[in-house]
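Enquirer: Handing you this structure, nothing more for now.
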Amino acid sequence: MPELPEVEVTRRKLSPLLVGRRIAKVHTTRPSYFFLTPPAELERALPGARVVGLARIGKYLLAGFDDGRRLLLHLGMSGQLFTEHASSVRLLSAATRASLAPDEQARFRPDVHTHLRLEFEDDGPELLFRDVRKFGKVRLLAPGQSDPRLDKLGTDALAATGAELFAATRKRRVAVKSVLLAQEVIAGIGNIYADEALYLAKLRPKRAAGRLTRAECDTLIAAAQQVLLRSIETGGSSISDYLAPDGSDGAYQDERHVYARTGEPCFGCGLAIKRIVIGARGTHYCPRCQR
DNA sequence: ATCTGTCCCTGGACGC
DNA sequence: TGCGTCCAGGGACAGA
């Protein structure tokens, strides 16, 4: 699932492939939850726009155009943003793969889940946005237009401080894990990195946020940033659907300490990693190392 | 104000 | 083998 590191890796790899290019034609699927801007409007309004930059805010990507408009993108749970040259088995379902010859199983073909296809005026590769579960989002913003989703985001996780977390959590009774996932407090952390950060900080996910000391807030933010930066270095986590724009997988899933390791031994003490549910999200921790 | 539960969606895992 | 059922989860929203 794409969180800050996956979105940042996508931004870094996509930026040189996108900036400077002018959109020629747009293909979409039918109107759905996925399209905050109706697909017909994207098809009409995007051709002619030249990309001048690609920014990230929390888990959102913002492509800027030469006329001041911006395209807001969110990868949701299963979003994949890649070029037509990308090659990966993650681009096809198991059933589709099974029906193909082995040497055909990694090649991408636009399918019913490929909701956005951008062709450019040059001869370079198309850009594709595929999202099986359709929790992703696309919205075209007029020059100067804001979006409530962006406006309410808290400080980006890479820039957040312990002092901010401490201030935001006073008198709050919710689990600290829930606060880490709240994008209006700190933007960019999702389920994997929340669990990993809490493990590194040796904190129980269920601890009431308001009972964290100032020092614990410092430790937790430092742990979160360590985990996020390391994941960016390794190309993010490719646990289910995520892949980079060139089709490559990240490697951070191999460095996980707790996420989806239920029942396996803690690397610190050997005790079995436990799984509980907090705020309808699976939560993994070591009952001995995290207090 | 804060918190909890529900919903959106689909493929894959699992059980019989 | 094949079918049905359950589960994953980011974020918006309704209701307590």
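Enquirer: Out of the residues in region A:233-267 meeting the condition of being among the aliphatic types (A, V, I, L, M) and surrounded by fewer than 19 Cβ atoms within 10 Å (Cβ to Cβ), tell me which one is farthest from the chain's Cα centre (by Cα).
Expert: Here is the first cut: in region A:233-267, the ones among the aliphatic types (A, V, I, L, M) are A:239, A:243-244, A:251, A:258, A:260.
Of the ones still in play, those that are also surrounded by fewer than 19 Cβ atoms within 10 Å (Cβ to Cβ) are A:239, A:251, A:260.
Values: A:Ile239: 12, A:Ala251: 15, A:Ala260: 17 Å.
For region A:233-267, the residue satisfying everything is A:Ala260.
Enquirer: Turning to a different aspect of this structure: Across region A:231-288, which residue is nearest to DNA strand B (Cβ to nearest atom) among those that are polar (S, T, N, Q) and in a helix (DSSP H, G or I)?
Expert: The extreme case among them is A:Gln253.
Enquirer: From the list A:Thr213, A:Thr219, exactly one residue is surrounded by fewer than 17 Cβ atoms within 10 Å (Cβ to Cβ) and at negative phi. Which is it?
Expert: None of the others qualify; the one that does is A:Thr213.
Enquirer: Pull out all pairs, ordered by first then second residue, where Cβ-Cβ is under 7 Å, the residues are six or more apart or on different chains, the first lies in region A:119-140 and is closer than 17 Å to A:Thr10 by Cβ and assigned by TED's automatic domain parsing to the domain that holds A:Gly68, and the second is of a type in the set (Asp, Glu) and away from DNA strand C (no atom under 14 Å from the Cβ).
Expert: Once the first residue is closer than 17 Å to A:Thr10 by Cβ and assigned by TED's automatic domain parsing to the domain that holds A:Gly68 and sits in region A:119-140, its partners that are of a type in the set (Asp, Glu) and away from DNA strand C (no atom under 14 Å from the Cβ) give A:Pro125/A:Glu84; A:Glu126/A:Glu84; A:Glu126/A:Glu119; A:Leu128/A:Glu84.
Enquirer: Cβ-Cβ below 6 Å, separation at least six or inter-chain, first residue in region A:86-97 and farther than 13 Å from A:Val132 by Cα and in the same structural domain as A:Thr114 (by TED's automatic domain parsing), second among the hydrophobic types (A, V, I, L, M, F, W, C) and at pLDDT below 80: which pairs?
Expert: If the second residue must be among the hydrophobic types (A, V, I, L, M, F, W, C) and at pLDDT below 80, the pairs left are A:Ala86/A:Phe108; A:Ser87/A:Ala106; A:Ser88/A:Ala106; A:Val89/A:Ala106.
Enquirer: Please verify whether region A:263-272 includes one or more residues that are within 16 Å of DNA strand C (Cβ to nearest atom), more than 19 Å from A:Glu3 (Cα to Cα) and not aromatic (Phe, Trp, Tyr).
Expert: Within region A:263-272 (the criterion being within 16 Å of DNA strand C (Cβ to nearest atom), more than 19 Å from A:Glu3 (Cα to Cα) and not aromatic (Phe, Trp, Tyr)), the answer is yes, since at least one residue qualifies.
Enquirer: Can you tell which of A:Thr29, A:Thr10 is polar (S, T, N, Q), surrounded by 14 or more Cβ atoms within 10 Å (Cβ to Cβ), within 16 Å of DNA strand C (Cβ to nearest atom) and assigned by TED's automatic domain parsing to the domain that holds A:Leu127? Walk me through it before giving the result.
Expert: Values: A:Thr29 fails: within 16 Å of DNA strand C (Cβ to nearest atom).
Checking each option against the conditions leaves just A:Thr10.
Enquirer: So, in region A:92-117, how many residues would count as being touching a strand residue (DSSP E or B) at 6+ places or on another chain (Cβ under 9 Å) and within 16 Å of DNA strand C (Cβ to nearest atom)?
Expert: Going residue by residue through region A:92-117, those that are touching a strand residue (DSSP E or B) at 6+ places or on another chain (Cβ under 9 Å) are A:92, A:100, A:106-108, A:110-111, A:113-117.
Checking the rest, the ones that are also within 16 Å of DNA strand C (Cβ to nearest atom) come to A:113, A:115.
Qualifying residue count, region A:92-117: 2.
Enquirer: Restricting attention to region A:86-144, and to residues there that are surrounded by 16 or more Cβ atoms within 10 Å (Cβ to Cβ), of a type in the set (A, V, I, L, M) and closer than 21 Å to A:Leu54 by Cα, which single residue is nearest to the chain's Cα centre (by Cα)?
Expert: This residue is A:Val138.
Enquirer: Picking from A:Thr219, A:Thr169, which residue would you name as being more than 18 Å from A:Ile278 (Cα to Cα), of a type in the set (Val, Ile, Thr), in contact (Cβ under 8 Å) with a residue 12 or more places away in the chain and away from DNA strand C (no atom under 15 Å from the Cβ)?
Expert: Working: A:Thr169 fails: more than 18 Å from A:Ile278 (Cα to Cα).
The match here is A:Thr219.
Enquirer: Still on this structure: Report whether or not A:Lys202 is in contact with a Pro (Cβ under 8 Å, 6 or more places away or on another chain) and either in the same structural domain as A:Val89 (by TED's automatic domain parsing) or surrounded by fewer than 20 Cβ atoms within 10 Å (Cβ to Cβ) (or both).
Expert: no
The values are calculated or read from the model by the stated rules, or taken from the named source; none is laboratory data. Since the model is a prediction, treat every value here as computed from it, not as a measurement. Cβ: placed from backbone, ideal geometry, glycine included. Neighbour counts: every protein chain shown.
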